[in-house]
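See below for the structure under consideration.
The values are calculated or read from the model by the stated rules, or taken from the named source; none is laboratory data. All of these numbers come straight from a predicted model, not from anything done at the bench. Methodologically, a virtual Cβ is constructed for each residue, glycine included, from the backbone with ideal geometry; neighbour enumeration extends over all protein chains shown.
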Amino acid sequence: MDANSKADGQVTVVVVHRNRPDSIAQTVGAFLDQPSTVGVVVVDNDSSEEARADLVEQVAPADVIFADSNLGFGPGANVGIRRWMRSGVGEWVAITPHDSRPSPDTLELIMSELVDRPDVGLVSADVGDGCRPIIDPFLGSIDSQPEVTQGFDRSDYPHGTLMLARRQCLEEIGLFDERYFAYCEEADLGLRAAAAGWQCGVVRGAMISNPGMSSSIELVAYLQLRNTLLMLREHFGRWNVTFRTILALLQIPVGMVHPPARGLHWSPRGRLKAIRDHLLGRYGPPPADVR
């Protein structure tokens, strides 16, 4: 069976990688073992020479694209998505980070839920948190209760640990907005898809885990808030983003007196720098003063 016949109704997987040679081979192998996978493309975001040294051999037979700089998650994914779109192979592309771990049937379960849903343009796997991703016009991305326990569950945007996008949907709305660099890019994509008439959802029971997370609390806090403010301004207007900015400022002294639950990415400095750069219109890669 050639690639084009195998790709009918199946998935090309784009894996965004940076400096995780200990993890990327396992991730790629897990997706190559999925019955629904037709191919894997690894986009390396300017990893160290040591991490890149044996990357092609580690992830074979996946294709590898080496970027000249750390593009971030969304822009890095766009590099792989563009290659897939040019190839003309298949209706669906999946996007995932270098340390995701799908269950053996994850993609197959997702694809089975899409057979009779031609209006779904974006969909994601189940991260096991019992939450449904929605977008509040004044707060941004928040979690809500699932509406189903198994199968397709409608959401406002796909979870970035493993999301799938339909070719026709991306042709209509475009790829990730590269101003986001990382965080909120999938929420922005979900809003654009909804505006074009496409649905989005999570497939409950199609499991994916993501054991790795950025160790920089300040960096994550910065990107999450800066990009939330960008998303609210772009999609809901200046009053909404003004409300969210004032709320973020009020939360800083409260959080210093009563710190949030352990494990949350809480950094007053990161939040202040996020507000600063949003007001200055600085997006894309984080500045050097964000640790």
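At-a-glance table
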| item | result |
| --- | --- |
| Residues (of a type outside the set (A, V, I, L, M, F, W, C) and surrounded by fewer than 24 Cβ atoms within 10 Å (Cβ to Cβ)) located in segment 184-210 | Asp188, Arg192, Gly197, Gln199, Arg204, Gly205, Ser209, Asn210 |
| Residue in segment 24-39 that is over 25 Å from Val115 (Cβ atoms), among the polar types (S, T, N, Q) and either under 23 Å from the mean Cα position of the chain (by Cα) or not in a loop (DSSP other than H, G, I, E, B) (or both) present | yes |
| Set Phe176, Phe243: member being touching an Asp or Glu at 6+ places or on another chain (Cβ under 6 Å) and farther than 19 Å from Val127 by Cα | Phe176 |
| Conditions (1) touching a helix residue (DSSP H, G or I) at 6+ places or on another chain (Cβ under 7 Å); (2) buried (at least 18 other Cβ atoms within 10 Å of the Cβ); (3) under 15 Å from Val16 (Cβ atoms); number of the one not met by Cys169 | (3) |
| Any hit, segment 51-66, residues being more than 23 Å from Ile208 (Cβ to Cβ) and modelled with pLDDT of 95 or more | yes |
| Residue that is farthest from the chain's Cα centre (by Cα) [pool: residues in segment 267-291 that are surrounded by 16 or more Cβ atoms within 10 Å (Cβ to Cβ) and basic (Lys, Arg)] | Lys273 |
